[in-house]
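Just below is one structure, and these are the notes that go with it.
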Amino acid sequence: MRQASLTMVHELARQDKRVLFIGSDLGSGTLEPLRQEFPERFFMEGIAEANLIGMAAGLAMEGFIPYVNTIATFLTRRAFEQIALDVCLHHLPVRLIGSGGGLVYAPLGPTHQAIDELALMRSLPGMTVVAPSDASEMRAMMKASLDLPGPLYIRLGKGGDPVLMPEGAPDFVFGRAVVVRDLGPVLLISTGVMSDRALKAADLLAQKGIDCALLHLPTVKPLDEETIIQFAAKARLVVSIEEHSKIGGLGSALAELFIDRDLRLCPLLRLALPDAFVENYGSQDSLLKRFGLQPEGIADQVRKALESAPS
Amino acid sequence: MAALDPHLDSKQERLDQRSLKLRHAIVDGLEGGGRGHLGSSLSLVEILRTLYDHVLRFKPDQPRWEERDRLILSKGHGCLALYALLADKGFFSARELRNFCKFDSFLGGHPEAGKIPGVEASTGALGHGLPIGVGMALGLRLKKSAARVFVVMGDGELNEGSIWEAAMAADKHRLGNLCCIVDYNHLQAYGPPEQVQPLEPLSDKWRSFGFDVLELNGHNVPALFEALSAPRAETGRPLIVIAHTVKGKGVPFAEGDPAWHHKSNLPLETMARIRSALGEG
């Protein structure tokens, strides 16, 4: 997914002279083809996130469209004030690409595990927040990003993910939910790479006779409120599934929506990471299993919740 | 170092009519809002006056004119001085100064781009202007523009790490079109930098970061003019002008007093005292 995203920056740079790339201190050879073709629009600016974002804002004020990439935690935690003030307050078309969204950097520990960045970015006025599910959806989103007014945060999930959105799927539209499955008393709503696990969980549940609808939300902000409400209104149980702290991410966004739209009687099961720094290492998969976010864990929790949900 | 102490020297400077007029405009804003960063604005007047009177290229009726020079007041709390200059140049009516900080005003306690004609970047949180200025200078170079970027910072602001991140970037990119100015008024909110976070040797620091450094009396308009107007593009080196100033300059009882960094709920009699201390403008 990361490769798809960065390759698309190069594609966009070819299409549009306003597009440029800013990295911090990324791996050797990152976007070398772009650097070769457009050296004046390739910046590798060092481990200085505050300057990186301020500089991107300054370039955007001069009419450019900077795509900024570094590790998600450093990008969103270290430079939060710059993102809020330099980028969002000025409503600039700066694109922030956060590498290792969620638990991708599991073995590297809490400094690198991005468990709160969707909440941080979602809280900022005017920020669009996306978490595509796979490389093909990433490419489609990147293509659409060129014309998006205002700032954008892009969560990069782990590369080589199973394809949920095949090539040739409808054009990416910011703020539009993707209906993966549309029938069932249980409504699963997921984002990013969790949508693939949600789909597998839906298969497991179907084997037990429980049909699930599945909405994949590549855009966490703004929410596709109408589609969500339309599906939630006929569900016995709504389940949010995300690789993110329970505070402030997709589940929180849905809870806010349901309260605002008076759907408070609809039971909402929020499957997410606990409000805690992760104490284990291992792999992304092993941590997701630990927190009940692999297909089996999701299916188990849905089954239990359904038992106590009103019919 | 020269024998002359530029800090002391600046105290002896007498303000001319234009400097007094601009200071009265600052007090107009202070009166209107009943509050403001008076000391931080009064130290800035000659720096901004020199820029707007003699150095910057701009068109008040076309604030977004592409060929304009860009000025970022990174120490956004000194905005009353900027507003006084922008009003003086006709970006908006001087009557607006009296609306400073009022509910419907576009002149807030820190300057906002998009609201105020002539303001390039919203500032207020310190340490933001120089990174933005670096980006602007790079962008202008990419566009092959001859416009320059000026970033005015406070001395306390230099505590921020982002300033030094941006300084490294300005050196790396050899931004001859970038000019920084430090309003070195030797007083932060709490007290002198020596008590808070010592800055010296400040010139040496900037020199070692790859900047051409000029140090001068920041209330001396001819000296500022000479430093700021010289062509820079060919040097390939960013410039920093360390301008020694007096916080509260022109109002003797406020000069050098940290209590005048920011004041609110100012009574009318205090306003009268400020006017009287300034003298005729």
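A short reminder: the numbers here are calculations on the coordinates, not readings from a lab. Since we're looking at a predicted model, the values are computed, not measured. All Cβ positions, glycine included, derive from the backbone under ideal geometry; neighbour counts span all protein chains shown.
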If Lys and Arg each add +1 and Asp and Glu each add -1, what is the summed charge of the other residues whose beta carbon sits under 11 Å from the beta carbon of residue B:149? +2
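Mind ranking B:167-178, B:130-141, B:58-69 by how tightly packed they are, going by the mean number of other C-beta atoms within 10 angstrom, highest first?
With the highest mean Cβ count within 10 Å placed first, the list reads B:130-141, B:167-178, B:58-69.
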List the aspartates and glutamates whose Cα lies under 18 Å from the Cα of residue B:144, skipping any in the same chain that are fewer than 8 positions away. A:16, A:40, A:62, B:66, B:67, B:69, B:234
Alpha carbon centroid spacing (whole Å) that separates the range B:128-142 from the range A:34-62: 10 Å
Suppose only helical runs count, i.e. DSSP H with n ≥ 4. What mean residue ellipticity at 222 nm does that imply for chain A under -39500 (n - 2.57) per run, divided by all residues and rounded to the nearest 500 deg cm²/dmol? -10000 deg cm²/dmol
If you count, for every residue in B:160-170, the Cβ atoms of partner chains within 10 Å of its Cβ, what is the mean? 5
Here are some pairs, B:102/B:247; B:75/B:102; B:21/B:172; which of them have Cα atoms lying more than 30 Å apart in this structure? B:21/B:172
Mean Cα-pair separation over length for the range A:1-109, i.e. relative contact order, pairs under 8 Å, 6 or more apart, %: 26 percent
Expected sort for A:66-75, A:19-28 on mean C-beta neighbours within 10 Å, highest first, is A:66-75, A:19-28
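Return A:137, B:226 ranked ascending by Cβ neighbour count within 10 Å, so the fewest neighbours appear first.
B:226, A:137
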If you average the alpha carbon positions of the range A:203-281 and of the range B:21-81, how far apart do those two centres end up, in angstrom? 50 Å
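Could you tell me which trypsin sites (Lys or Arg not before Pro) in the range A:234-275 are loop residues by DSSP with no more than 16 other beta carbons within 10 angstrom of their beta carbon?
Those that pass, being in a loop and sparsely packed, are A:234, A:236, A:261, A:264.
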On a straight-distance basis, which lysines could pair with residue A:289 in a cross-link, Cα separation under 18 angstrom, same-chain partners fewer than 8 positions away excluded? A:158, A:200, A:246, A:304
Can you give the calculated 222 nm mean residue ellipticity of chain B, where each DSSP H run of n ≥ 4 adds -39,500 (n - 2.57) and the sum is split over every residue, rounded to the nearest 500 deg cm²/dmol? -10500 deg cm²/dmol
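If you count, for every residue in A:61-69, the Cβ atoms of partner chains within 10 Å of its Cβ, what is the mean?
On the way: counts 9, 14, 4, 5, 0, 2, 0, 0, 0.
Mean number of neighbouring Cβ atoms from other chains: 4.
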